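Here is the structure we will look at.
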Amino acid sequence: MMKKFLKEHKKLVNCSREVLKALEKKIPLVALESSIISHGMPYPQSLEMAKEIEEIIRAEGAQPATLAIIDGKIQIGLDPEVLDAFAKTRKVEKVSSSNLNSTIFSKRAGGTTVAGSLRICKLASISVFVTGGIGGVHRDVSESMDISADLQAIKDSTTITVCAGPKTILDIPKTYEVLETLSIPVFSYRQKNLPAFWYRDSGLESTYRVESPEAIANIFTIAEATNSANGILFCNPIPKKFSIEQTYLEPLIASGVVELKKANITGKKLTPRLLRYLVQKTNGKTLHSNIELVKNNAILGAKVAKALGAA
Ligand code: PSU
Ligand code: MN
């Protein structure tokens, strides 16, 4: 499927050398987003994180495929020199579902969010996608109406999204409500409750507690067989030692929301700016934990991809 797709869309899609080899060898792919590199973390930590995540996936016996838009093409996998250059690029477009095609057209560099990445996964028939935390309903939703396109994109996808839950900066209960409205199955890994990025426990129960990567692969196969036209969200709690105390973080998130609102930071800029605000206020603690939770997700994502077999 993937090879046929690549042949048909040569003008629009480009694969890295390593991804092409992996396709030949039938090594299962794990897709990774790139907005986390261009917008989610500061350079050079962003590049170090991206390299580390890829290495973790290789060590598990799967093939990382970092997705991005470069020179008017969808990139599936970034060769090392391309990844380096991408991480250093300034003024990268944040690519969601709505601006995927216009970014290709503009030939600007684009970092794909969860929403943008899932569109590419669907095109290329990639079954497993790893991120840190998904976007969702923002805390000031009643005024801003800011709900991430990630939620609808997960619904429309045909992929297992492995994450640590919605980002803590969001309204977590409302985000999980929207996921339920969209009928997206939300699974938790080895605990009953759903996690929320820097918090292990959101206090909300998941659709089903999953004990192994093989189990989620099985559920995905069942979903395909029953023609359930939904993506699956697989939530992996942040390791305990990297989780952050709610009593410590909540006041900082609250003040961040207020400050950015005063500064009129809305829309696409809000999430990256809130993350940056917290990195500053916590002296890098949130960044460190963010990196660790992505690593934790990469291990699990690779195991799920292996359990599913070659894409
Ligand atoms: N996970 C992280 N850090 C990030 C993101 C995810 O650990 O920065 C990005 C993802 O690309 C996600 C985006 O799709 O933040 C959500 O942005 P918005 O709220 O504007 O939809
Ligand atoms: Mn938004």
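The values are calculated or read from the model by the stated rules, or taken from the named source; none is laboratory data. The model shown is predicted, which means the values in this text are computed figures rather than measured ones. Methodologically, a virtual Cβ is constructed for each residue, glycine included, from the backbone with ideal geometry; neighbour enumeration extends over all protein chains shown. For the accessible areas, the whole protein counts, side chains as well, though only heavy atoms, and no ligand, DNA or RNA atoms are used. Shrake-Rupley method; radii C 1.70, N 1.55, O 1.52, S 1.80 Å.
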Inset, instruction - Report the normalised scattering of the range 1-126 as log10 I(q)/I(0) at q = 0.23 Å⁻¹, calculated by the Debye formula with identical scatterers on the alpha carbons. - result: -1.48
Inset, instruction - Extending each Cα 7 Å along its Cβ direction at K240 and E177, get the distance between those two points in nm, one decimal. - result: 3.3 nm
Legend entry - the chain, relative contact order in percent, only Cα pairs under 8 angstrom and at least six apart counted: 20 percent
Legend entry - Hull shadow area, averaged, the range 52-180 [alpha-carbon convex hull, nm²]: 8.6 nm²
Inset, instruction - State, to one decimal in nm, how far the label point of Y43 lies from the label point of K21, with both points 7 Å from Cα in the Cβ direction. - result: 2.7 nm
Legend entry - Summed side-chain charge close to F242 - residues other than F242 whose Cβ falls under 10 Å, Lys, Arg +1, Asp, Glu -1: +4
Legend entry - Between the range 249-288 and the range 20-98, the alpha-carbon center distance in angstrom: 25 Å
Legend entry - For the chain, radius of gyration divided by Kirkwood radius, i.e. Rg to Rh on alpha-carbons: 0.94
Inset, instruction - Would you please name the trypsin sites (Lys or Arg not before Pro) within the range 159-249 that are DSSP coil residues with at most 15 other C-beta atoms within 10 Å of their C-beta? - result: R190, K192
Inset, instruction - Please give, to one decimal in nm, the separation of the simple spin-label points placed at N101 and A263, each 7 Å out from Cα toward the Cβ. - result: 3.5 nm
Inset, instruction - Measure off, as a whole percent, the carbon and sulfur share of the 1.4 Å-probe accessible area of the chain, all protein chains present. - result: 53 percent
Inset, instruction - Could you bin all the Cα-Cα distances of the range 176-242 into 5 Å bins starting at 0 and give me the percent of pairs in each, rounded to whole numbers? - result: 4, 18, 26, 24, 17, 8, 3, 1
Inset, instruction - Could you state the accessible area per residue of the chain in Å², with a 1.4 Å probe and every protein chain left in place? - result: 45 Å²
Inset, instruction - Kindly work out what percent of the DSSP beta bridges joining two residues of the chain are antiparallel, to the nearest 5. - result: 30 percent
